[in-house]
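Here is the structure we will look at, set down as structure tokens.
Any read-out appearing in this document is the output of simple, stated calculations on the displayed coordinates, not a laboratory observation. Treat the numbers as computed from the prediction; the structure is a model and nothing was measured. Cβ coordinates were reconstructed from backbone atoms using ideal geometry, including for glycine residues, and neighbour counts include every protein chain displayed.
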């Protein structure tokens, strides 16, 4: 039973790490979570090997307001830049981005976090509870 619990914990960790890796590569978190959950360490290796999705990363940076496009060469430059680092075009200064309050976490994220925490607590409590297999699983005591 302990081996099954440890294997399940490994697969859950692979799913969480896989989701984080694919999210950082601009591919969203669902593909990495599914790969890690169904394929375990092999899925995690696949997520690490996947190339970055430049379009997804650019879209995230534009939405966040951290970057803007150069009007001459259309490359992404920092919002505060006065000169494009790619084509050396002069850029018009933009007003400072207003600091927006962080959006509230979605209910799906809260549920996922609660499930991962519950699984971790159950795993740790099982491992440290002292639950061990009986010394004699067949009920036959050794004769001296």
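Across all C-alpha atoms in segment 2-93, the radius of gyration and Dmax reach 18.8, 64 Å.
Computed from the Cβ-Cβ distance with R0 of 35 Å, the FRET efficiency linking residue 121 to residue 60 stands at 0.60. Between residue 68 and residue 48, the FRET efficiency estimated from the beta carbon spacing at R0 = 30 angstrom works out to 0.45.
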